Amino acid sequence: MAYTPQYYPGSTSVGINRRKHMSGNLEKLRDIPEADVVAVMGHRAPGADYSSTHPPLKEMGEPDCPIRQIVAPTAGAAAGDRVRYSQWTDSMYFAPSIPYWRSYWGAINCKGCDPGTLSGRQIIEARERDIEAYTKAQYDSEMTDVALCSMRGCTVHGHSLRLEENGMQFDMLARTEMGSDGNVYAVKDQVGIPLDRKINLGKPMSEAEAKKRTTIFRVDGIPMCGKVGARKYDEAVDALHHMWELRSKWGFRPE
Amino acid sequence: MVTESDTGSIQVEIIPSRFLLPATAQKLLNEIYGNGGIIRITIHGPNLPRSVPYGPGRGSPIDENRDLLIEVGGQAFELSVKVGRIRLELESEKYYEGLKAACERALPISFQIRRGKFFHTRQTITDYAKYGKVEDTRILGLIDPKAKQDRLAILSEENVAVHDEER
């Protein structure tokens, strides 16, 4: 019987969404052209060559190593690309993904990447052509709502601030804007340098839709204990308590 | 616990559930101004820099944050923050209900309004460093202690005792 990994406990919609994010079995909501993703990332001009830190692995003549024989390199590693990053800020007002879940998604599903979680932002580093593919996957899938999530290389402020009146996450550098047609447009790259054209990212999710897809537990949405006032807590809390207990004891066995 | 002021003035804080667009902020401030009885008022929120402050794009202009002019009570001034909170002092309690009604008229979103003590009354060392000896204590508590003095926009017919009052 094939083993199916069990990623996250609980029967709340947030628990289910967290499992979806970790398993990588995500719904695709939009298709942003690759050139547009590259432009928003801002590391290279769309169509330009990739800069490299070493020659392609085939030309380098690798040492005889059993691990290198088992593990096939990613496309970026094989070509010797530079390591680049994409960094996301997700609003705590029911953004579909929250920093830890982008990291879990990256660590479980993306080969050769280095995810980093911070309090209000999340960064993934990888070889350039790999990170471009991973970023496109994040942009296109239900991990991202174009109003509540945005790519921010610096001045990442926004996660824990109130939303703007039009439902956008606050951005000091105004990298994205709500168009009069209801679509969200990227007007700057992730570090705030203006793009030569506006990139249409599509329509944002409605508030109800964002609450349905979110991975954040909140008392005004889905609380971690499950139904408020229930005598039996959701399994997520039981599992958390179990982990907390094991971590606190840290192998202590008074025998 | 809220300490009642000797002068009968009350301090009020208005917190909308979202950050306000400049047009809504202008509408709200005008409604508050129309209600009357304001001794002093301050608007608070995250900074809107005119250019990218740091990172690889440092110095790139942010046109969206420039020329955010709003007009309140016939005087125009430039917004340098995203309006997220308004604190004000009213002459007396009788203006409070009108203020609530003004907020309800102007804001398309929910908001909190509460009374308390939001401005300090004694001069601090920071105030001394910034203004020298303050004669008019209405200045106290109007801006963030860390903010530069040019963040203070004084819209008043009367002279206010700040040494660069030509602004």
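Here are the numbers for this structure:
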{"read-out": "Residues with amide H under 5 Å from that of residue A:118, placed H, sequence gap 5 or more", "value": "A:123"}
{"read-out": "Average silhouette area of the protein assembly as shown, convex hull of alpha-carbon atoms, in square nanometres", "value": "30.8 nm²"}
{"read-out": "Sequence-distant aspartates and glutamates (8 or more away, or on other chains) whose Cα lies within less than 18 Å of residue B:148", "value": "B:78, B:127, B:164, B:165, B:166"}
{"read-out": "Candidates A:166, A:25, A:17, ranked by Gaussian network fluctuation over chain A, Cα under 10 Å, top entry", "value": "A:166"}
{"read-out": "Packing-based exposure ordering (other Cβ within 10 Å, fewest first) of B:77, B:19, A:217", "value": "B:77, A:217, B:19"}
{"read-out": "Under-5 Å amide H pairs with residue A:179, H placed in peptide plane, nonlocal only", "value": "A:184, A:185"}
{"read-out": "Alpha-carbon Rg/Rh ratio, for segment B:10-121, with Rh computed the Kirkwood way", "value": "1.03"}
{"read-out": "Of the trypsin sites (Lys or Arg not before Pro) in segment A:1-42, those whose Cβ has at most 13 other Cβ within 10 Å and which sit in DSSP loop", "value": "none"}
{"read-out": "Within 10 Å of each Cβ in A:164-177, the average number of Cβ atoms from other chains", "value": "5"}
{"read-out": "Of A:20/A:212; B:27/B:117; A:20/A:203, pairs whose Cα-Cα distance is over 20 Å", "value": "B:27/B:117; A:20/A:203"}
{"read-out": "Inter-centroid distance (Cα atoms) of segment B:40-66 relative to segment A:123-188, Å", "value": "18 Å"}
{"read-out": "Distant-in-sequence amide H partners of residue B:83 (H built 1.01 Å from N, under 5 Å)", "value": "B:20"}
{"read-out": "Summed side-chain charge close to residue A:90 - residues other than residue A:90 whose Cβ falls under 11 Å, Lys, Arg +1, Asp, Glu -1", "value": "+2"}
{"read-out": "For segment B:33-47, Karplus couplings with θ = phi - 60° (6.51, -1.76, 1.60), whole Hz, Gly/Pro x", "value": "5, x, 5, x, x, 7, 8, 7, 8, 9, 10, 9, x, x, 5"}
{"read-out": "Centroid-to-centroid separation of segment B:130-146 and segment A:232-255 [C-alpha atoms, Å]", "value": "53 Å"}
{"read-out": "Convex hull volume per residue in cubic angstrom - Cα atoms of segment A:128-224", "value": "122 Å³"}
{"read-out": "Choice from A:181, A:220, A:81 showing the highest fluctuation, given a GNM over chain A with Cα pairs closer than 10 Å", "value": "A:220"}
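Computed from the coordinates by the stated procedures, all read-outs in this text should not be read as laboratory data. Keep in mind it's a predicted model, so treat the numbers as computed, not measured. Counting neighbours? That spans all protein chains shown, and the Cβs are built from the backbone with ideal geometry, glycine included.
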